[in-house]
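Okay, so here's the structure we're looking at.
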Amino acid sequence: MKKYLLASVAAVVLSAGAAQADTYLSILGGPTWDPGLTVGADKQGMDSGFNFGARVGYGLDQWGLKDFSVEADTFYNQSHLSDVAGQHVRSLSTMANLIYHADLGLPVGLYG
């Protein structure tokens with residue numbers, strides 16, 4: 001849960017002003033906490049890990065879609081298994097997004 005909160009806060013802070021720019025780049029990263037990995041009836045403890053990623057986006061205001069943008073992003077996560085030396089759980093995701101940037105009248109933005 002902490003991982004999702006941290007990622008959400010970073011995304012909101014790094015997206016400040018994104019709707020006003022034609023092209024933008026965001027860099028994300030930080031620690032990852034996970035309570036464990038459950039497979040079937042077995043639960044494996046996890047140690048803290050890390051995550052990082054980047055996204056590039058393009059505002060669509062000039063195409064008549066005010067406050068919308070398109071993005072491509074990639075994100076990497078890695079955590080260690082608690083009881084197994086040298087074993088990691090890793091993931092890499094790549095996505096394309098259509099984003100709406102809500103103007104809150106504040107120096108930071110909200111998007112979805």
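The values are calculated or read from the model by the stated rules, or taken from the named source; none is laboratory data. No experiment lies behind these values; they were computed from the predicted model shown. Note that each Cβ is placed from the backbone with ideal geometry, even for glycine, and that neighbours are counted across all protein chains shown.
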_Suppose we keep only residues that are out of contact with any strand residue (DSSP E or B) (no Cβ under 8 Å at 6 or more places or on another chain) and of a type in the set (Gly, Ala, Ser) within region 36-55. Which one would you say is nearest to Arg90 (Cα to Cα)?_
Gly40
_Criterion violated by Asp67 - all others in (1) exposed (fewer than 14 other Cβ atoms within 10 Å of the Cβ); (2) in contact (Cβ under 8 Å) with a residue 12 or more places away in the chain satisfied_ = (1)
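Here's the yes/no breakdown for (1) over 22 Å from Gly112 (Cα atoms); (2) surrounded by 13 or more Cβ atoms within 10 Å (Cβ to Cβ); (3) at pLDDT below 85; (4) touching a helix residue (DSSP H, G or I) at 6+ places or on another chain (Cβ under 9 Å):
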site: Ile27; (1), (2), (3), (4): no, no, no, yes
site: Gly30; (1), (2), (3), (4): no, yes, no, yes
site: Asp42; (1), (2), (3), (4): yes, no, yes, no
site: Gln62; (1), (2), (3), (4): no, no, no, no
site: Ser93; (1), (2), (3), (4): no, no, no, no
*Collect the residues in region 61-111 that are of a type in the set (Gly, Ala, Ser) and under 30 Å from Met46 (Cα atoms), keeping them in residue-number order.*
Ala72, Ser79, Ser82, Ala85, Gly86, Ser91, Ser93, Ala96
*Could you say which residue among Tyr58, Tyr111 is hydroxyl-bearing (Ser, Thr, Tyr), at pLDDT below 85 and out of contact with any helix residue (DSSP H, G or I) (no Cβ under 7 Å at 6 or more places or on another chain)?*
Tyr111
*Residue count for region 24-36, restricted to those that are of a type outside the set (A, V, I, L, M, F, W, C) and not in a strand (DSSP E or B)*: 3
